[in-house]
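Undergrad: Attaching a single structure in structure tokens format; questions to follow.
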Protein chains: 2
Amino acid sequence: MTVSRQRRATLPDVAALAGVSTAAAGRALGGYGSVSEEVRQRVLNAAEQLNYRANRLAASVRTGRTDTIGVVCADIESPFFARALRGISDVAHKHGFSTLVTNSDEDLTSERNAVQLLLDKQVDGIICAPADVQQVAHLAQAQGAGTPVVLFDRMSDHLDADAVIVDGVKAAYQAVSRLIALGHERIAIVAELRQPREQDWARFLTPAADVSPGVLSPSEARLLGYLRAHWDAGVPVRRELVRRTGAYDVGAAYRQMKRVLALKHPPTAVFLVDNLMTVGSYRAIRDSGISVPERLSVLAFDDLDWTVLVSPALSVIAQPVYEMGAEAARQLIARIRGGREDGPGTTVMDVTLIERESTAPVVRAPGPVLAPARAHGRRPPAARVAPSPSGASPGG
Amino acid sequence: MTVSRQRRATLPDVAALAGVSTAAAGRALGGYGSVSEEVRQRVLNAAEQLNYRANRLAASVRTGRTDTIGVVCADIESPFFARALRGISDVAHKHGFSTLVTNSDEDLTSERNAVQLLLDKQVDGIICAPADVQQVAHLAQAQGAGTPVVLFDRMSDHLDADAVIVDGVKAAYQAVSRLIALGHERIAIVAELRQPREQDWARFLTPAADVSPGVLSPSEARLLGYLRAHWDAGVPVRRELVRRTGAYDVGAAYRQMKRVLALKHPPTAVFLVDNLMTVGSYRAIRDSGISVPERLSVLAFDDLDWTVLVSPALSVIAQPVYEMGAEAARQLIARIRGGREDGPGTTVMDVTLIERESTAPVVRAPGPVLAPARAHGRRPPAARVAPSPSGASPGG
């Protein structure tokens, strides 16, 4: 019997070559059930001859373990997840676990498929950054089938699972409060805010409302921190300064930033809530020729490779991304090994506000000020700097 | 019988609950061999009751297909691979394939383990960026067992497989020739060059030598292009300007760049051969207060998010990264489906030289010139700008 090099040998191929039933071949290779030593040898020889891969699943049928963890990234292209994956895989490797990575692209259907795929591949546990913190039934099912789940970057009130997060509300509150302390009262925010559920918004847009972080997406949490910083400081929130892109999309962030800079009363500061918003918004700021921090203070969520390479260097809220990934892996492996008696809990990691050169006290300008000539080659298109006789005055 | 929620139900659990042998339960769930309808129903009921996942492997035993492709990244944290993964998974998704991603960290042992893992998980094919283009026996074995392999970003003379690459020699030749055309004759290169095999180096450091791209790592290919551009233009190669980091490491690139800038005769231009070298080197240039492009032209491999955000905007060699990933996936899927009659081939994609603001004609300065004050907050530490009375003169 010949098996083409183009086709992988299957169990029936092995059985045919060994002259036994497929079931017997399965028993011989899988190590369960009874099979004579002679048949076992024939099957093993046939498997070797055909280069048949006796996969580890056979072993896992008995032990229930494959020493593999699965990860569902929300966006595999984001530097945030890339860095977190490093933390996850370093810890996994140290503990003898392999890591299989999938991607949801922030899409619920893709996430469900990814979780299903990982379960099919018999991973021992799953780390997931859920695309929708309120739609997590598929993760509950995985748990129900004995596969532990650790949530990453996001927690959910609808899942009884460990989670490793930063407190997005608090981090944004800290960032925006700092801008307010610098005298800014017209602070823009550029955020994804893909799923603003009307009932939730009505709830959490009311000061004093008690909103659980487990019903908020990361961008919603950061918006809430932005709002609370305003409320606590007595600074009015201006709806035209809250810019929603509807997706983690650099181009959409660019367009929203352009629009907010073109307002009759443009902001004197902007809070950019994640790395993609930052890339798009920062391009728009550069293209508009707005001078940072003289005319616009910029504070961004996430410390990226290039934040110290631009001029001025960006002030940021830095998340301990690597450590968040590492901690999620540690928690998952502890669950897999069954060494933990405690119930699921949420680990909240601290962020750090790093003030570099892009944030400064507000300048109270009496009249229109065009960006001064700067040492970069691109000339500011003057027409795009909205002439704002009073717009530069805070609270104006 | 109760199965703890903490442990995944196994085939023996199902068999026990159904009151049949494990082999019979396997036959009933796997769909091979003979089993009575009554036993089949008992087993299926037990499986449902225990939330036992009848995994797709059972089907794959018959079809030899799992509709999953595996990817071995060389560095999952690199923006290059992150972008390529997007191309791969978009095409895979379109064709009904799921994607499982692993990482080798440019380490051969990790790569072998990753390939083994993917084979264990019964992927239908593998896209791999080999850590060592000369050590690929594990990939040949995968092919031998019927799992097609497509090489990504690197090709190998030791593997008869499809490959999707750019011509690193030609791209670097184009980049460095452009710098030479701008009058530069002291051009530094910062490159990984982890595995300089003495016998290869002796070969390819000789002008006229015919070196196959299939024995070169990406950084070796780019060094060769750098050398050939010099040879063809009659510009002498200066060994002190060839800086080797020994790893894809931002810190090492920073240190090498610092050292080359501190030479008595520093370079007037630098060619940075990949994105990690660029991040580290560019930081060193900034910290040294060297004015770009007035004192140093900078040309980098890979167009990144931030290359247009820095001042001056970086000139780059842009690779079609997304399309490279997409093409690798297309080729792999065609092999998996068996629709291709042609033998393995190499697809070479074109790069684009994008000249922005960081490259300029060489300035022939008569004496030491300190960087002019720039609009960024960090003051150039003057002591670090090597006083080079003649060093700025090309070829000096």
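The values are calculated or read from the model by the stated rules, or taken from the named source; none is laboratory data. Fair warning: this is a prediction, and the values are worked out from it, not measured in the lab. All Cβ positions, even for glycine, are placed from backbone atoms using ideal geometry, and neighbour counts span all protein chains on display. SASA here: full protein model, heavy atoms, side chains in, ligands and nucleic acids out. Shrake-Rupley method; radii C 1.70, N 1.55, O 1.52, S 1.80 Å.
Undergrad: For A:PHE152, which sequence-distant residues (separation of 5 or more, or a different chain) have an amide H within less than 5 Å of its own amide H, given hydrogens modelled in the peptide plane?
TA: Under 5 Å from the amide H of A:PHE152 lie the amide H atoms of A:CYS128, A:ALA129, A:VAL164, each far enough along the sequence or on another chain.
Undergrad: Still on this structure: Can you give me the solvent accessible area of B:ASP305 with a 1.4 Å probe, rounded to the nearest 10 Å²?
TA: It works out to around 60 Å².
Undergrad: OK, next. Protein chains only, probe 1.4 Å: how do B:GLU38, A:GLU327 rank by accessible area, largest first?
TA: B:GLU38, A:GLU327
Undergrad: Could you work out the mean count of beta carbons from other protein chains within 10 Å of each residue's beta carbon in B:75-85?
TA: That works out to 5 on average.
Undergrad: For the residue pair A:ALA145 and A:ASP90, what label-to-label distance in nm results when each label sits 7 Å from Cα along the Cα-to-beta-carbon direction?
TA: For the pair A:ALA145/A:ASP90, the computed spacing is 3.2 nm.
Undergrad: Could you tell me the total accessible area buried at the A-B interface, probe 1.4 Å, in square angstrom to the nearest hundred?
TA: Buried area (both sides, nearest 100 Å²): 6600 Å².
Undergrad: Compute the signed sum of charges (Lys and Arg +1, Asp and Glu -1) over the other residues within less than 13 Å, Cβ to Cβ, of A:ARG364.
TA: Value of the local net charge: 0.
Undergrad: Provide an ascending nm list, one decimal, of label-point separations from B:HIS93 to the equivalent residue in each further copy; define each label point as 7 Å from Cα along Cα→Cβ.
TA: For B:HIS93, the other copies' label points sit at 2.8 nm, shortest first.
Undergrad: When the dipole is taken about the Cα centre of region B:218-368, and only Lys, Arg (+1) and Asp, Glu (-1) are charged at their Cβ, what size is it in debye, to the nearest 20?
TA: Around 700 debye, computed over region B:218-368.
Undergrad: Report the trypsin sites (Lys or Arg not before Pro) located in region B:251-339 that are in a DSSP loop and have at most 14 other Cβ atoms inside 10 Å of their Cβ, or state none.
TA: Loop-located and lightly packed - B:LYS264.
Undergrad: Could you go through region A:133-144 in sequence order and give the Karplus-derived ³J(HN,Hα) for each residue, using 6.51 cos²θ - 1.76 cosθ + 1.60 with θ = phi - 60°, rounded to whole Hz, and x for Gly and Pro?
TA: 5, 9, 10, 10, 4, 5, 6, 4, 5, 4, 4, x
Undergrad: B:THR66's amide H: which non-local residues (gap 5+, or another chain) put their own amide H closer than 5 Å, with H modeled 1.01 Å from N in plane and none for Pro or chain starts?
TA: Excluding prolines and chain starts, which carry no amide H, the hits are B:ASP124.
Undergrad: For region B:293-333, with every protein chain kept in place, what is the accessible area per residue (1.4 Å probe, Å²)?
TA: Spelled out: the 1.4 Å probe surface of region B:293-333, per residue, equals 20 Å².
Undergrad: I need the inter-copy label distances for A:ARG238: point set 7 Å along Cα to C-beta, values in nm with one decimal, smallest first.
TA: 5.5
Undergrad: Per-residue Cβ counts within 10 Å, from other chains only, averaged over A:308-321: what number is that?
TA: That average works out to 3.
Undergrad: Along Cα-to-Cβ, 7 Å out, sits the label point; list in nm, shortest first, how far the one on B:ASP350 is from those in the other copies.
TA: Distances to the matching label points in the other copies: 5.4 nm.
Undergrad: Give me the inter-chain shielding for A:92-102: mean count of other chain Cβ atoms within 10 Å, whole number please.
TA: Per residue, the average neighbour count from other chains is 4.
Undergrad: Accessible surface of B:ASP120 in the full protein assembly, 1.4 angstrom probe, to the nearest 10 Å²?
TA: 20 Å²
Undergrad: Based on alpha-carbon centroids, what's the gap between region A:132-193 and region B:58-137 in Å, whole number please?
TA: The two parts, judged by their Cα centres, are 30 Å apart.
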